[in-house]
Amino acid sequence: MTAREEWLDVVDDRDRVVGRATRAEMRRLNLLHRAVYIIVRDGGGRVFVHRRTERKDVYPGYWDVTVGGVVDAGEDYPTAARRELAEEIGATPAALAPLFPVRYADASTRLIGMAFLARHDGPVVLQAEEIVAGEFVALAEAERIMREERCCPDGIQVLRRWLAERNSTTS
């Protein structure tokens, strides 16, 4: 399926479906849509990071500290998260824990979404059309990537919020 053939739900500020559009239309018009973000950790507590291909329609070539993507038309958040995990890294985790709702907007994208936490100990099979390289890294390395590399700002927002909430409950 090409980006022009992918259909997604257009939503209002309250996450109610108000229409449908192709992915290409959504990008061209910067329509408010749904997305999922998954923080993927292994048994050692490391987080999966990856670099996006130069062909991506938003943030090409950037690093990302979450796995995820656009929710398809008619799809719910958990289903989209499981689909994205399977497509992007070949993961089918037994547990997918919802974390918090996400809102993000910049000149390239406007979305309402949901963040999840998943554990995956491998193997990882990268989707070549979307990911150039990826690996599990220590949280300190993920934080360095967020500071020093071109990194997807929406993914940064999600991982920083998760770290802040996690740290506030352990303090």
*Please give the helix 77-89 orientation as an angle from the longest Cα principal axis of the chain, in degrees from 0 to 90, rounded to the nearest 10.*
70 degrees
*Cut-off under 5 Å, modelled amide H: who pairs with residue 53 long-range*: 61, 131, 132
*Under a 10 Å cutoff between Cα atoms, tell me which one of 123, 101, 60 has the largest fluctuation in the Gaussian network model of the chain.*
123
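Work out, in µm²/s and without decimals, the Stokes-Einstein translational diffusion coefficient of the chain at 37 °C, 0.692 mPa s, Rh from Kirkwood over C-alpha pairs.
Values: Rh = 16.2 Å.
My calculation gives 203 µm²/s for D.
Only the coordinates and a few stated rules stand behind these numbers; no lab work does. Since the structure is predicted, the reported quantities are computational estimates derived from the model, not experimental observations.
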